[in-house]
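Written out below as structure tokens is the structure these notes cover.
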Amino acid sequence: MTPRADHLTVEVVELIGTVVARYHEEYEHAAAEHSLTGAQARVLGLLAREPMPMRRIARHLKCEPSNVTGIVDRLESRGLVERRPDPADRRVKLAAPTDAGLTTAERLRDSLDFAREPLGELSVAERALLKELLQRMLGIPPE
């Protein structure tokens, strides 16, 4: 049985929850300004980093690949994403952003001020420490 959380842990968890909720709220608003749903914006953001197959997108979003297919279909119909063969395995199709998709992803990213502005008030050392602590919490090995 897990012991009860101490007062400090409860406060930290609540603060993290507030940050996450505010981030999602702003993300949804920014996506809507680009006529995207939040899910479409997240997929476009992932693909702007690198083209990937539907199954990998689904793992990132923690959803079923069939849901991703519909999202990619809608992005493709808007000219923001295209499907192309995977050079490593031509049986696999990759979803990849078009030039318009890359531009939209960049504009979307630039419009997310909520996280960027408060982080700008932290020193480089404080941001590095925060990054390291978050990575440790998530089990991500340090770089």
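Side notes on the structure shown:
- Per-atom-type breakdown for the chain gives carbon and sulfur 57% of the accessible area (1.4 Å probe, protein chains only).
- Under-5 Å amide H pairs with residue 94, H placed in peptide plane, nonlocal only: 84, 86
- The label point for residue 20 and the one for residue 8, both projected 7 Å from the Cα toward the Cβ, are 2.2 nm apart.
- Label point at residue 69 placed 7 Å out along Cα→Cβ; residues across region 29-55 whose backbone nitrogen lies under 17 Å: 53-55
- Averaging the sequence gap over all C-alpha pairs within less than 8 Å and six or more residues apart, then dividing by the number of residues, gives the chain a relative contact order of 22 percent.
- Subtracting the Cα-Cα distance of residue 90 and residue 76 from their residue separation scaled by 0.36 nm leaves 3.1 nm.
- Solvent exposure of the chain as accessible area per residue, Å², 1.4 Å probe: 71 Å²
- Net charge of the neighbourhood of residue 12, taken over other residues with C-beta under 14 Å away and scored Lys/Arg +1, Asp/Glu -1, is -2.
- As a rough guide to protection, the peptides 34-41, 79-86 ranked by mean Cβ packing within 10 Å, highest first, stand as 34-41, 79-86.
- Label zone (residue 33, point 7 Å along Cα-to-C-beta; backbone nitrogen cut-off 11 Å) within region 96-126: 107-114.
- Positive-end ranking of 108, 10, 65 along the dipole of the chain, with charges on Cβ about the Cα centre, is headed by 65.
- Using the rule -39500 (n - 2.57) for each DSSP H run of four or more residues, divided by the residues of the chain, the 222 nm mean residue ellipticity is -21500 deg cm²/dmol.
The values are calculated or read from the model by the stated rules, or taken from the named source; none is laboratory data. Just so we're clear, the structure is a prediction, and the values are computed from it rather than from any experiment. Quick reminder, even Gly has a Cβ in these numbers, built from the backbone with ideal geometry, and neighbours come from all protein chains shown. Keep in mind that these areas ignore ligands, DNA and RNA; they rest on the heavy atoms of the full protein, side chains included. Shrake-Rupley method; radii C 1.70, N 1.55, O 1.52, S 1.80 Å.
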